[in-house]
Structures are given as structure tokens and as C-alpha cells.
1. Please find the FRET efficiency linking Ala314 to Asp343, where r is the Cβ-Cβ separation and R0 is fixed at 35 Å, and quote it to the nearest 0.05.
2. Which value, in debye to the nearest 20, describes the size of the charge dipole of the stretch 174-229 about its Cα centre when Lys and Arg Cβ atoms bear +1, Asp and Glu Cβ atoms bear -1, and nothing else is charged?
3. Nearest 0.05, what FRET efficiency do Arg122 and Ala256 give at R0 = 30 Å with Cβ-Cβ as r?
4. Give me the one-decimal nm value for the distance between modelled label points at Arg156 and Asp197, 7 Å along each residue's Cα-to-Cβ direction.
5. Counting Lys and Arg as +1 and Asp and Glu as -1, what is the net charge of the other residues whose Cβ lies under 9 Å from the Cβ of Cys145?
6. At 7 Å along the Cα-to-beta-carbon direction for both Asp210 and Gln321, put a label point, then send me their distance in nm to one decimal.
7. Between Glu297 and Val277, what length comes free when the chain is fully extended (0.36 nm per residue of separation minus the Cα-Cα distance, one decimal in nm)?
8. Hey, which of these cross-link pairs are over 29 Å Cα-Cα: Lys219/Lys289; Lys236/Lys289; Lys304/Lys325?
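The values are calculated or read from the model by the stated rules, or taken from the named source; none is laboratory data. Fair warning: this is a prediction, and the values are worked out from it, not measured in the lab. Note that we place each Cβ from the backbone using ideal geometry, even for glycine, and neighbour counts take in every protein chain shown. The accessibility values were calculated without ligands, DNA or RNA, using every heavy atom of the protein model including side chains. Shrake-Rupley method; radii C 1.70, N 1.55, O 1.52, S 1.80 Å.
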Amino acid sequence: DFDNFDYKGPSRSGGSSLPALPLPGGAAAPNKMQSSFHSSTSSSKGTAGSRQLRQPAKDTKLKASILSAPRQDAGTGRRRGNAGGSSSNMDSDEMTATSGKFNPFGGSGQHQEDESVISQSRLQVNVALNEDLSCSYRSSQISSCSVEGVVQVQVRATAQTAPFYLLLRDPTEQVESFQENRRFADDVSDAILAEDDADRKYTISVPNGDNYFPVVRYKCVEDLRPVPIRVQTRAKTEGTHCRVALQISSNPNNEAKLTDLTIIMGVPDDIEGETLVTQPAGGVWNDAKRCVTWCVEELAEGEKFQLQARFQMAPGAPYDQNGEKPMFPVLVRCQCLFAQLSDLELEIREIPEIYPADVTMKIARRFRLSHRERA
């Protein structure tokens, strides 16, 4: 079992090894991984169910489209300390808006309306907070980890031009640097007031409509090393065949279930990939990329599942039962909706002297994971 794994620690425990595979003839070495490697899953609550594998798409890369229905989120008024991060400007080719150039405070004349009408204006700001975790492990020890995020906004207002303030708070100083998109954001952090209770402050002005626009991105400190999943593999040779056991475990402390999992396992050149047999069925061999791909719809908090692949080894392959074993690197991609990895908080406020309005905000949080595992 993997209960001794320290999910909160900066590195993974190297003391626990994957349980032994069943031996030929039906005998099995002491282990807790099921000898049949069927598609059952177990959760931290002790329940089990059937894991349904789905056919991999032609493009296994996760979709990067913005969430269309942001989820209401509250609680942005906690006291914060200074983030201590640096600030810079985004390159226009790295963060591009979905419409033409836009003058944030252009003279369209809408601010010359009667003050009593303007004061009744409404401003709905939908915020999408997307974070990306990329981590690599070698021999069950973390070798690299990075967390980056981007804030995107969609505006619905009674006027075509509706500028507002975006306040960012980083209480635990997890953000190393911020970078604004100068096309839509202006850093006014030097003018932060005591009542703002913020670490960064921006004036934002994006076109009113259905599109989301990236306004600020950020990079977190190296000490932030979340571990949403654990991946373990073990290979065993049997005569001219090789079997690989793969187990994926979800952190029971995850805020929500992991979805859209894509598991990609690389296969060495001296293993005949076209002889692949997987259990449960569902693994797909890609001869051009020499990899096996599985797709799983979701994995709940604390849940785990196992996969097995069996191959024929090429003649002359330098592997034997008691000696060298083939290496099968694994890449897992997935996402988690309504959750984030950092402690960054956001708040939207009106700019009274430019566009007084009744401001409301909805925020959708999501993180994506790219987890690489090598023996």
C-alpha cells in the first residue's frame, strides 16, 4: 500500500517500493497489488468500483480553453502580508487578446453621461484562475517542480468601456513574480492604499463581451511543491516476455477529483510494442511515438487504480529475471476543477472617478498537472 507516502513533503519517500508482480504459474510474491490487475479502484474510505477506460483521443494534450461557466467564489477579504515578488510586463506575442487593439480609457464619450445614470451602472467580472503544475521524479525523488498561473477576465457591463481595479493578495508569499499584460493591464502597485489590503494592484480594461482576456500571469516560488498524485511502476521479465505494473494514486488531501487523465508510458526500442496486451483492456499502442496511452475519466480524492501491460521482448534484449530490467518512463496529464495550488486571492473593485458601478465577481479555479516519472 502507499499509505506511508508523505503528500505534504517536498519529496517522495524512497523507502517504499511497488509490490511484486504475480509470479508465473499462479504463485504470487507477498504484495497488495491485485494479481489479476483488474480495473477495480479503491478509495481512502475503503470503497471499490469499476474504473471505465475510454479510447484515447488523437490529440492527447489537455484542452486549454477557458472555463465557460465560472463558479461563484467568496472570501477574498483576509488580511495578507507582502508577497515580495517582482513585477514585469508581458510580451504581446505571449499573451494576446482575442480582439483588436483596445484603448483602455479611449475617448468614446460614454463617461460624459449624466452622473446619476453612471452611478447605477453594473459591472459583472468573471475571473478564470488557471494554474499549471509541472513536476519530474526520478527514482521516486522529486527532481524539478514549477507552478505558474494566469488570471483571465471576462467583462459584462452596461458600457462598452468598463475599467476596474484588480487586487491580488499573497499571504504566504508563494508567488515569486507577477507579469501584467500591458495591452489590458496597468500596474499601479506603487499607489496601493492601506484600505486596499493588497500586494499587487492593477487597473484593468478589456472589451465588453463574451471573450476572456489574459491580464496577469505569475510564477510561484520553488518551495511550493504540491503533490496531487503519485505514480509507481515496476517491470518484471519472464522468459521472452516483459510485464509492467503501473499504479496511480490520488492525494486524499486534494480539494476535488482529478479529471481527464491521460497516462502515457514510453517503451524501449528492444521491446516489441506491437505485441502489447493490457489489462484492463483500453491501452493503445502508438508505433510512431513508441508509447502506450490510457485515458481515464476521473479519479476521486484518495482513490487509486492499477494497470498492467505485457510485451514480447526483441531477440537479444539484454534483460533477465534477476538482472537488468527495462525502463518505462511515464507521463500523466490531468486537471482539477474548482481548485488551485497556490494561496493567491483576487478581488475586483470599481474605479469611482472613471467608472462608478455596482461590481460583482465570479471566479472559476482550475489547475492542470503534468507529472513525469522515471526509474
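1. For Ala314 and Asp343, the calculated efficiency is 0.10.
2. Numbers: 7 positive and 12 negative charges, 68 e Å.
It works out to roughly 320 debye.
3. On the way: r = 31 Å, r/R0 = 1.03.
The formula returns an efficiency of 0.45 here.
4. The answer from the label model is 2.7 nm.
5. Details: positive: Arg225; negative: Glu222.
Residues close to Cys145 contribute a combined charge of 0.
6. 6.3
7. Details: separation 20, 0.36 × 20 = 7.20 nm, distance 2.12 nm.
Between Glu297 and Val277, full extension yields an extra 5.1 nm.
8. Details: Lys219/Lys289 31 Å; Lys236/Lys289 23 Å; Lys304/Lys325 25 Å.
The answer is Lys219/Lys289.
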